[in-house]
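The values are calculated or read from the model by the stated rules, or taken from the named source; none is laboratory data. On a predicted model such as this, the values are computed, not experimentally measured, just so you know. Please note: Cβ atoms are built from the backbone with ideal geometry, for glycine as well, and neighbour counts cover all protein chains shown. Ligands, DNA and RNA are excluded from the accessible area calculation, which covers all protein heavy atoms including side chains. Shrake-Rupley method; radii C 1.70, N 1.55, O 1.52, S 1.80 Å.
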Amino acid sequence: MTPPQAGTPLDYGVICGYFLAVTLFGVWFGRYAGTTKDYFFGGQRFAWWIIAFSAVASTVGSYSFIKYSEVGYSYGISSTQSYLNDWFWMPVLLLVWLPIIYFQRIRSVPEYFDRRFGSGARLVATAFILFYLVGYIGVNLLTLGKALQPVLGWGVFTGAAVTCLLVTVYVFAGGQTSVIMTDLAQGIILLAAGLGLFLAGVVHLGGWVDFWSLLPQGHRYIFSEFNSPDNFSFVGIFAQDGLANTGAFMLMNQGMMMRFLAVRSVSEARKMAIFWILVLTPLAAVAVSGGGWVARAMAERGELETSAEHSFIFAAEFLCRPGVFGFVLAALMAALMSTADTLINAVAAIFVNDVYQPYVRPGRDDRHYLRVARLTSLCAAFVGLALVPIMAQGTIYQAHAMFTAAVTPPILMAILLGVFWKRFNTPAVMATLLGGGFLVMLTFIPPLDRWFLAPFSFGMGTASHTFTRALYGLVVSTAAGVPVALLTRPQPMARLIGLVNGSQVDAMRVFKGGEVNRLPGGRAHAALAVSAEMDSAERVLVPQAALDLMRAEQEDIIYVCDARWWLGGLKSIHARVGGVSPDNRVHLSRAALEGARLADGARVFLEKTC
């Protein structure tokens, strides 16, 4: 069913105004990106709440509104199961992975592979992750093109190209800082619009009771049947989304890794992850599916005629006045832009940190790598756009599921085995990556696909292979690596310090460069002062009262931040305690104040981080 062009000139004006505002907003924050650390990790200075809203914006890709509304229209409340079946990843993320990458100052997943297994594993991991990220960009741009088609009447590729250009402008300018700040705004917008559309539909239908009664009986269950239907069964969705996709998103998605590393401390990263996963993600599940639910209820009452694919657009146009409809569509654009910008910046980080700097042009100054990062962002966007025609086959839901199920299992299992099993060594990780990847690729060749995937399909037909390929991939990747690890010599323990579970405290010692001060302390407040005696941007003189309150000592690392909480850490710096100040003020060098964009005399708060 091809929909007629939707919207009014006012709606088009809102969408264009939104595009312009977000682009300028992102470019403005480009002034905070003066180094590669700023460009890739936002200076590691942000508060947890900013990153949480930014993360949910990246989680809810543009495909989410279309994909989950389509599934919600066809299957009902069970469309949320992809957001609700992956809670078990939280301990792995919060207690194991975050401390390792943060305290070891690991800038990318391939860098972890290099330290843990060597340069060969790093190159293979780089290839896997670049393929994953660029393909993800293509999926997002495809969805944006399909979403704009019924609104503006553009072709799919044209809509994808226009939005891709706008996203690339502010990513080119500001990198991760621009991405974080634009995604903060876009995360709030997409949640407000999605939840608002759902509530407007419920009110229009007469309230919760009437809305619920209009849904078909099979649409009222939180999970689908175990192995039915083939293309939306519980076991298939759990294998593809709960296991492979969520594990990859939290542990190997460079964009999310850069979000975690942009937070000012591990404790703040944990707060961010808990709020993101337990509060914002369930809200996002309703926001992205609600359009499909109310569209189905209105269709059952005879008020709306639509296909599942266009249910979100048609429900929004039916329920919203001119201008408001444009705002809802702007939220759809927000979802696209907030995911695409993260991925584009992530591709640049992987290429510069894991390919260009170690192998092509080592030893160059930071400005050179910053220029290369910006150029790489342009190339990543162009390659992702080139994939749009290739991926424009079948539904968006199937395209996304097939892509992630095929790419993620080998590297996800390599990370898990590397983190939790000390005996897992270099030959084993290569067997997992290359052997597992080869065995997964065989499932795209008929009739091998039926032979290999049937045992993992739980009695379902070939339509389930898009999802159950993920379970097959996880099993064969593990099977390829474990025997090799058992039959070869383990790595020396000295090489594993800080890189495996159980050595997080050792990683903290490496981070600090000495023994860790783990005494719990409070937050202190003081005024800043420029010290002519301070010649290091990494040292700070702190009043004795503040040291006592924080329970901090000489050489401890502390966080100095502008006291205005709503800035979220945008003006801040990490520094080592270099001594006691001669007065009640915090003394920093002129270079430190300029780098943190703090002003002489400003009120700041101080926290001990390590």
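Comparing Cα centroids, the stretch 416-463 and the stretch 297-318 end up 40 angstrom apart.
Please work out whether the stretch 174-297 counts as rounded, prolate or oblate from its C-alpha gyration tensor, where a ≥ b ≥ c are the square roots of the eigenvalues and a/c under 1.5 means rounded, while otherwise a/b larger than b/c means prolate and anything else oblate? Please list the in-between numbers first.
Values: a/c = 2.79, a/b = 1.48, b/c = 1.88.
It is oblate, given that a/c is not under 1.5 and a/b is not larger than b/c.
Over all other residues within a Cβ to Cβ distance under 9 Å of residue 353, the charged ones net out to -1, with Lys and Arg as +1 and Asp and Glu as -1. Residues in the stretch 360-374 carry Karplus couplings, in order, of 9, 9, x, x, 7, 6, 5, 4, 4, 5, 5, 5, 5, 4, 5 Hz; the curve used is 6.51 cos²θ - 1.76 cosθ + 1.60 with θ = phi - 60°, and Gly or Pro positions show x.
Please give the length that would be gained between residue 445 and residue 479 if that part of the chain were fully extended, namely 0.36 nm times their separation in residues minus their C-alpha to C-alpha distance (nm, one decimal). It would help to have the intermediate numbers written out before the result.
Working: separation 34, 0.36 × 34 = 12.24 nm, distance 2.09 nm.
Working it through step by step, the gained length comes to 10.1 nm.
Against the main long axis of the alpha-carbon atoms of the chain, helix 119-152 sits at an angle near 50°.
Averaged over its residues, the stretch 472-529 has an accessible area of 50 Å² per residue, based on protein heavy atoms and a 1.4 Å probe.
Ligands, DNA and RNA left out, the 1.4 Å accessible surface of the chain is 64% carbon and sulfur atoms. The simple Förster model, with R0 at 35 Å and r as the Cβ-Cβ distance, assigns residue 462 and residue 157 a FRET efficiency of 0.70. Figure legend: label point modelled 7 angstrom from the Cα of residue 501 along Cα→Cβ; residues of the stretch 65-91 with amide N under 14 Å from it are 88-91. Across the stretch 208-217, rounded Karplus estimates of 3J(HN,Hα) from the backbone phi angles (6.51 cos²θ - 1.76 cosθ + 1.60, θ = phi - 60°) give 4, 5, 5, 4, 5, 5, 7, 6, x, 3 Hz, Gly and Pro being marked x. What FRET efficiency, computed as 1/(1 + (r/R0)^6) with R0 = 35 Å and r the Cβ-Cβ distance, is obtained for residue 301 and residue 16, rounded to the nearest 0.05? E(calc), rounded to 0.05, equals 0.55.
Against the chain, whose longest principal axis comes from its Cα atoms, helix 281-300 is set at around 10 degrees. Applying 0.36 nm per residue to the separation of residue 192 and residue 591 and subtracting their alpha-carbon distance, the gain on full extension is 139.5 nm.
From most to least packed by mean Cβ count within 10 Å, the peptides 116-123, 254-261 give 254-261, 116-123. Taking amide H as placed 1.01 Å from N in the peptide plane, the amide H of residue 233 sits under 5 Å from none that are at least 5 places away or on another chain. Calculated FRET efficiency, residue 527 to residue 267, Cβ-Cβ distance, R0 = 30 Å: about 0.75 to the nearest 0.05. Distances between placed amide hydrogens fall under 5 Å for residue 221 paired with 77, 78, all partners being 5 or more residues away or on another chain. Bridgeable aspartates and glutamates around residue 571 (alpha carbons under 14 Å apart, same-chain partners fewer than 8 residues away excluded): 38, 562, 594, 600. Evaluated at q = 0.10, 0.11 Å⁻¹, a Debye calculation over the C-alpha positions of the chain (equal weights, vacuum) places log10 I(q)/I(0) at -0.89, -1.06. In this simple spin-label approximation, residue 228 and residue 366 carry label points 7 Å from Cα along the Cα→Cβ vector, and these lie 6.1 nm apart.
Here the Karplus curve 6.51 cos²θ - 1.76 cosθ + 1.60, taken at θ = phi - 60°, turns the phi angles of the stretch 66-80 into couplings of 6, 4, 7, 5, 4, 5, x, 5, 7, 10, x, 4, 5, 4, 7 Hz, with x standing for Gly and Pro.
Remind me, relative contact order of the stretch 431-514 in percent, using alpha carbon pairs under 8 angstrom and six or more residues apart?
On the way: 57 pairs, mean separation 24.1, N = 84.
About 29 percent, as a whole number.
Structural descriptor for the chain: relative contact order 22 percent, calculated from alpha carbon pairs under 8 angstrom and at least 6 residues apart. Helical runs assigned H by DSSP (4 residues or longer) give the chain a calculated mean residue ellipticity at 222 nm of -19000 deg cm²/dmol, each run adding -39500 (n - 2.57) before division by the residue total.
Could you work out how far helix 9-28 tilts from the main Cα principal axis of the chain, as a 0 to 90 degree angle to the nearest 10? The angle comes out near 20 degrees. A simple spin-label model places pseudo-atoms 7 Å from Cα toward Cβ; at residue 599 and residue 203 they are separated by 4.2 nm.
Taking the Cβ of residue 101 as the centre, find all other residues whose Cβ is under 10 Å away and add up their charges (Lys, Arg: +1; Asp, Glu: -1). Value of the local net charge: +1. With each label modelled as a point 7 angstrom along the Cα→C-beta vector, the residue 383-residue 127 pair spans 1.3 nm. Separation of the stretch 338-358 from the stretch 554-610 is 30 Å, based on Cα centroids.
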